[in-house]
Structure formats: structure tokens, C-alpha cells
Amino acid sequence: MGPGPSSYSVVRWTAPSRGRWDVVGQFFGTGATTGDVHVLHNGAEVFKSALNGSEVAPFSLAINVSPGDTVDFAAGPGADGNNDGDSTGFNVTITPEF
């Protein structure tokens, strides 16, 4: 995923049921990245990090959701607002807690 000019790329997960879900993953730079990354629950930020070069920004969250709640994973152009070379890797696993 990579940001557009002065905008964010977003991957969205929508909760299928009520409960507490483990949200574990990482964003990672691809060498020339100078961006910012975020995890949001229903639009409220629950994780943020700058991401530069080949850095990795891991996250491990437990989030209480209701059906239809959203969790967004967003990559932005960083403080400089320039998206050139800001390709951002991303992976996540979302599992219900029992």
C-alpha cells in the first residue's frame, strides 16, 4: 500500500460480530519510505508511527467491537507531504479472543 499525493491509502476490516479481537501486524518501509502509518477503530486512532527507510512499525492490539465496526489501516505521505517513494508494506492477522 502506498499513499497518494497528500492523501492516505486505507485497508478496512469490518467486524462481523461482537467481541474482543486481537489485531496483530506490522507496517514496513521498502527502502525509500518516509511516511506515517495508523490503525483506527471507527475513525479513532489506536496506533500511529512514523515510518522511514526500511523501518518496521509493529502493532499488537486487543479491540472490542460491535457488528459493523471498522478497523482501518492507513499509510500516509509523512510530515513532508511528499508521497514519492513512500511504498509501504503491511500485514495483519485479526482473530477473535476466546
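The values are calculated or read from the model by the stated rules, or taken from the named source; none is laboratory data. Note that this is a predicted model, so its numbers are computed, not measured. Every residue, glycine as well, gets a Cβ built from its backbone with ideal geometry; the counts of neighbours run over all protein chains shown. Note: accessible area is taken over every heavy atom of the protein model, side chains too, but ligands, DNA and RNA are not part of it. Shrake-Rupley method; radii C 1.70, N 1.55, O 1.52, S 1.80 Å.
A few remarks follow.
- If you go through segment 46-69 and keep only what is more than 12 Å from the chain's Cα centre (by Cα), open to solvent by less than 60 Å² (accessible area, probe 1.4 Å) and at pLDDT 95 or above, you end up with 62, 63, 65, 66, 68, 69.
- Sub-9 Å Cβ pairs linking a first residue in segment 17-36 that is outside any strand (DSSP E or B) and surrounded by fewer than 18 Cβ atoms within 10 Å (Cβ to Cβ) to a second residue that is modelled with pLDDT of 95 or more and among the aliphatic types (A, V, I, L, M), at least 6 apart or interchain, are 17/65; 18/65, ordered by first then second residue.
- Residues (over 16 Å from residue 96 (Cβ atoms), touching a residue at least 12 places away in the same chain (Cβ under 8 Å), of a type in the set (Gly, Ala, Ser) and assigned to a strand (DSSP E or B)) located in segment 37-60: 49, 50, 53, 57
- Matching residues, segment 73-98, being open to solvent by 30 Å² or more (accessible area, probe 1.4 Å), part of a strand (DSSP E or B) and of a type outside the set (A, V, I, L, M): 90, 91, 93, 95, 96
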